[in-house]
Amino acid sequence: MAKTTVAWKTKVKDGKTLMICQNSNKELSKYPQWGPENGVCDEWSETGPDTTASTCWRCAARSVSGMNFYKN
Ligand SMILES: [Zn+2]
């Protein structure tokens, strides 16, 4: 059972746990195609205790918009 666990950065703010968007590191992200066209995402989102990876609303919006930011 080889399981690779990525430890995304978290922080606690106002009693809520926030996690950095996984597109802060596109090499580790499951959805790098949703990330910003240039650079990486640095958006934080609220997560639950069992959350292992977070995709912020910006990247989630890209995933459903159908827009392709990679035009190559
Ligand atoms: Zn993001």
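For segment 48-69, which residues satisfy the criterion of being more than 13 Å from the ligand (Cβ to nearest atom) and either in a loop (DSSP other than H, G, I, E, B) or charged (D, E, K, R) (or both)? Lay out the reasoning, then the answer.
From segment 48-69, those more than 13 Å from the ligand (Cβ to nearest atom) are 48-52, 64-68; that's our starting set.
Result: GLY48, PRO49, ASP50, THR51, THR52, GLY66, MET67, ASN68.
Counting only residues that are without any contact (Cβ under 8 Å) to a residue 24 or more places away in the chain, within 15 Å of GLY48 (Cα to Cα) and within 12 Å of the ligand (Cβ to nearest atom), how many does segment 14-30 have?
The qualifying residues number 0.
Determine which single condition VAL6 fails, assuming it passes every other condition in (1) out of contact with any strand residue (DSSP E or B) (no Cβ under 7 Å at 6 or more places or on another chain); (2) in contact (Cβ under 8 Å) with a residue 24 or more places away in the chain; (3) within 11 Å of the ligand (Cβ to nearest atom); (4) of a type outside the set (Lys, Arg).
(3)
Looking at the structure I just gave you, is GLY48 touching a strand residue (DSSP E or B) at 6+ places or on another chain (Cβ under 9 Å), among the small types (Gly, Ala, Ser), over 19 Å from VAL64 (Cβ atoms) and loosely packed, with under 10 Cβ neighbours inside 10 Å? Let's see the steps before the verdict.
Details: touching a strand residue (DSSP E or B) at 6+ places or on another chain (Cβ under 9 Å): yes; among the small types (Gly, Ala, Ser): yes; over 19 Å from VAL64 (Cβ atoms): yes; loosely packed, with under 10 Cβ neighbours inside 10 Å: yes.
Considered against the rule, which asks whether it is touching a strand residue (DSSP E or B) at 6+ places or on another chain (Cβ under 9 Å), among the small types (Gly, Ala, Ser), over 19 Å from VAL64 (Cβ atoms) and loosely packed, with under 10 Cβ neighbours inside 10 Å, GLY48 comes out as yes.
For segment 18-39, which positions are surrounded by 16 or more Cβ atoms within 10 Å (Cβ to Cβ) and in a loop (DSSP other than H, G, I, E, B)?
Across segment 18-39, the qualifying residues are ASN25, LYS26, SER29, TYR31, GLY35, PRO36.
Every number in this text was worked out from the coordinates using simple rules, so none of it is lab data. Treat the numbers as computed from the prediction; the structure is a model and nothing was measured. Counting neighbours? That spans all protein chains shown, and the Cβs are built from the backbone with ideal geometry, glycine included.
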